[in-house]
Amino acid sequence: MNLAHLRRHYVKARLDRTDLAANPLTQFQHWFEQAQKAKLLEPNAMTLCTVGARGRPSARIVLLKSFDDDGLVFFTNFESRKAMEIAANPRVALLFAWLELERQVAVEGRVRKATATESAAYFAQRPYGSQLGAWVSAQSKVITTRAELEKKLAKLKTQFPEGQVPTPPFWGGFRVVPDTWEFWQGQPNRLHDRFRYQKKSGRGWTIERLSP
């Protein structure tokens, strides 16, 4: 397999400074709505990059569940590797890769926990199986067989009937508060359009075009 010849040419759209909203959240919402209309698979999937106390980076895909002026929210087990690394270093990076639209959105910022009320409200909306799954999984911990999970799931089904699953005390939301956004639109000849928003010391954002 010759990967050197595995490439595509980006020609779908351009991104000019005049196209951009003054606020990156507004721009993100616009692009996110376009990703939804294009019926992309999991448009809210984002790569979350963290760095723990030992300085070793790690990455995984999580799902964005809400966003507003206060940040971008995802949910997870507070005892997972990602949560432990966030506790050690609250600086993270996110990446949305909307490849069918030849677009990327990169975000950098700091993380804080969502409130218990926010976490409980979202947990109540989850499907029954996902609610039980949050209780079953000691996320990131070593297990011997899948049978361990199935056995624990069966036990929890008798313990927590549908509609009566409490929010696990070790589970909840994280809110990423951005200080940098980058919007990337693929272009021919790899001369891509890139614009970076950076938070000003006061209110507002600076916008700069970056070389590809």
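The values are calculated or read from the model by the stated rules, or taken from the named source; none is laboratory data. In this text, all values refer to a predicted model and were calculated from it rather than measured experimentally. Don't worry about glycine lacking a Cβ; one is built from the backbone with ideal geometry, like all the others, and counts go over all protein chains shown. For the accessible areas, the whole protein counts, side chains as well, though only heavy atoms, and no ligand, DNA or RNA atoms are used. Shrake-Rupley method; radii C 1.70, N 1.55, O 1.52, S 1.80 Å.
Figures for the structure shown
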quantity	calculated
Near pairs, Cβ below 6 angstrom, 6+ apart or cross-chain, from the stretch 63-80 (part of a loop (DSSP other than H, G, I, E, B)) to any residue that is surrounded by fewer than 18 Cβ atoms within 10 Å (Cβ to Cβ) and hydroxyl-bearing (Ser, Thr, Tyr)	Ser80/Ser140
Condition check for Lys37: surrounded by 13 or more Cβ atoms within 10 Å (Cβ to Cβ) and modelled with pLDDT of 95 or more	no
Where a residue in the stretch 97-112 is farther than 20 Å from Arg14 by Cα and its partner, wherever it lies, is open to solvent by 40 Å² or more (accessible area, probe 1.4 Å) and modelled with pLDDT of 95 or more, with Cβ under 7 Å and at least six apart	Glu108/Asp179; Gly109/Val177; Gly109/Asp179; Arg110/Arg91; Arg110/Val177; Arg112/Val177
Residue within the stretch 132-150 that is within 19 Å of the chain's Cα centre (by Cα), surrounded by fewer than 18 Cβ atoms within 10 Å (Cβ to Cβ) and under 29 Å from Arg91 (Cβ atoms) present	yes
Any hit, the stretch 87-96, residues being within 30 Å of Leu15 (Cβ to Cβ) and in a helix (DSSP H, G or I)	no
Residue that is farthest from Ala88 (Cα to Cα), among those in the stretch 45-58 that are modelled with pLDDT of 95 or more and surrounded by 14 or more Cβ atoms within 10 Å (Cβ to Cβ)	Ala45
Test: residue in the stretch 172-190 that is touching a residue at least 24 places away in the same chain (Cβ under 8 Å), under 19 Å from the mean Cα position of the chain (by Cα), closer than 16 Å to Ser80 by Cβ and open to solvent by 80 Å² or more (accessible area, probe 1.4 Å)	no
Residue check for Glu42: open to solvent by 30 Å² or more (accessible area, probe 1.4 Å), assigned to a loop (DSSP other than H, G, I, E, B) and acidic (Asp, Glu)	yes
Subset of the stretch 22-32 [open to solvent by 50 Å² or more (accessible area, probe 1.4 Å), over 16 Å from the mean Cα position of the chain (by Cα) and not hydrophobic (A, V, I, L, M, F, W, C)]	Asn23, Thr26, His30
Residue that is among the hydroxyl-bearing types (Ser, Thr, Tyr) and either open to solvent by less than 50 Å² (accessible area, probe 1.4 Å) or closer than 30 Å to Ala114 by Cα (or both), where the choices are Ser211, Ser201	Ser201
